[in-house]
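Notes follow the structure.
The values are calculated or read from the model by the stated rules, or taken from the named source; none is laboratory data. Not measured: the values here are computed from a predicted model. Counting neighbours? That spans all protein chains shown, and the Cβs are built from the backbone with ideal geometry, glycine included. Side chains are part of the model used for accessible areas, which takes the heavy atoms of the whole protein and leaves out ligands, DNA and RNA. Shrake-Rupley method; radii C 1.70, N 1.55, O 1.52, S 1.80 Å.
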Amino acid sequence: MSARIISGKEISQQIREELRKEVQELKEKHGVTPGLVTILVGENPASISYVTAKQRTAKDLGFYSVQENLPEEVSESELLALIDKYNKDEKIHGILVQLPLPKHINERKILYAIDPRKDVDGFHPVNVGKMVIGEPCFLPCTPHGILVMLERAQVQVDGADVVVVGRSNIVGKPVANLLLQKRKPVGNATVTVCHTGTRDMAAHTRRADILIVAAGRPKVITADMVKEGAVVIDVGVNRIGTTPEGKAILCGDVDFDAVKEKASAITPVPGGVGPMTITMLMKNTVEAAKLWAGLPCEVG
Ligand code: L34
């Protein structure tokens, strides 16, 4: 039997419609327009594509949005000065610095410089700390998107054996942390995290009721590594070539065609976790605007 497809694209569309209404209401009732700045350094094609999509979505939802493009050679202090400017800008409620940054820039220093109240990526240590102890805060967009997908697809998470492949600060660590928390409706799972130091990865993945893969390598999860009936969330977006028309050919970290015959539900690539990441950035920016305006919100 072929797995049910959990479409990030469709769930995203639903949430974007909800957000569009909320933005309109914020404008009409409170005179607040959510403001987002996305900062791109250099010309990494994947980063350009993601930031462009973020800007397009922000505009489509009625945000005030600003795109900053900086050259690869920009200095750390110039980038810090720009962040400082937007920390003080009353029209901007969310600041996003697209990662990865060039090697000569200290990523940590940049992320620490963003005002935690405008940290719509949830990467500032204040927000990471709050997340770990279960306080209201900005949740990082990809893990947040995964939680919402599991919720809207009505996957039973409470009590489930979840296996996460990957331990990055952006995905693996936070998603593992969130799912082990006693939070509702998505949480209270038993979580295992596999990484490059794991001795027998398949022994772990085969036990998973829910398998979340953020390894950053194409098709590392094959059908023999998946339990019959498991729910599989594929976070990978790998560029494995280009079409004759010059479009990127994408594939996930999961061997989709084989695994879909074994799983009960699976997310596709493209159209899975990626669009959800962008949608949760929009959600966080709306929350940031409410926080700034002193309105009730989910982040503090
Ligand atoms: N600061 N840097 C910061 N915040 C983030 O949340 C990100 N991330 C990751 C990389 N760097 C970041 C993203 O935005 C990954 N990521 C991201 C965002 C969107 C998509 C994939 C990754 C996405 O929309 N993927 C589409 C395909 C798009 C394409 O054609 O390239 C999909 O359907 O999966």
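Classification of the range 191-300 by its C-alpha gyration tensor yields an oblate form. The axis ratio a/c (a ≥ b ≥ c) is 1.5 or more, and b/c is at least a/b. Beta bridges per DSSP, both residues in the chain: antiparallel share near 10 percent.
With all protein chains in place and a 1.4 Å probe, the accessible surface of the range 221-300 carries 57 percent carbon and sulfur.
Within the range 149-218, the proportion of Cα pairs with more than 19 Å between them is 28 percent. The long axis of helix 8-30 is offset from the longest Cα principal axis of the chain by roughly 20 degrees. Within the listed set 273, 132, 213, the residue fluctuating most in the Gaussian network model of the chain (springs between alpha-carbon atoms under 10 angstrom) is 132. Specify whether the C-alpha gyration tensor of the range 53-112 places it in the rounded, prolate or oblate class, a ≥ b ≥ c being the square roots of the eigenvalues: rounded for a/c under 1.5, otherwise prolate if a/b is larger than b/c and oblate if not. It comes out prolate by the Cα gyration axes.
Per-atom-type breakdown for the range 15-93 gives carbon and sulfur 51% of the accessible area (1.4 Å probe, protein chains only). Given the C-alpha centroids of the range 216-273 and the range 22-46, what is the distance between them in whole angstrom? One Cα centre to the other: 30 Å.
The residues of the chain expose, per residue, 47 Å² of accessible area to a 1.4 Å probe. Its Cα centre serving as origin, the chain has a Cβ charge dipole (Lys and Arg +1, Asp and Glu -1) of approximately 380 debye. The alpha carbon centroids of the range 142-172 and the range 196-213 are separated by 14 Å. Mean residue ellipticity, 222 nm, helices only, the chain: the sum of -39500 (n - 2.57) across DSSP H runs of n ≥ 4, divided by residue count and rounded to 500, is -12000 deg cm²/dmol. Among 59, 260, 85, which one moves the most in a GNM of the chain with springs linking Cα atoms closer than 10 Å? Residue with maximal mean-square fluctuation among 59, 260, 85: 85. Net charge in the neighbourhood of residue 219 (other residues with Cβ under 12 Å of its Cβ; Lys, Arg +1, Asp, Glu -1) is -3. For the options 38, 222, 243, a Gaussian network treatment of the chain with springs between C-alpha atoms closer than 10 Å singles out 243 as fluctuating the most.
The orientation-averaged shadow of the Cα convex hull for the range 1-134, equal to a quarter of the hull surface, comes to 10.8 nm².
One quarter of the convex hull surface built on the alpha carbon atoms of the chain amounts to 15.7 nm², the projected area averaged over directions. The angle separating the long axis of helix 141-152 from the principal Cα axis of greatest extent in the chain is about 60 degrees. Dipole orientation for the chain: of the candidates 105, 179, 286, 179 has the Cα lying most toward the positive pole (charges on Cβ; Lys, Arg +1; Asp, Glu -1).
Return one number: the angle in degrees, 0 to 90 and rounded to the nearest 10, between the long axis of the Cα atoms of helix 76-88 and the longest principal axis of the Cα atoms of the chain. For 76-88 against the chain, the angle is about 70 degrees. Note on the range 163-300: antiparallel DSSP beta bridges, both residues inside, total approximately 25 percent of the bridges counted.
The translational diffusion coefficient of the range 1-52, from Stokes-Einstein at 4 °C and 1.567 mPa s with a Kirkwood hydrodynamic radius over alpha carbon pairs, comes to 90 µm²/s.
Remark: for residue pairs 29/283; 21/227; 27/88; 59/227; 59/88; 88/109, the C-alpha separation exceeds 30 Å in 21/227; 59/227.
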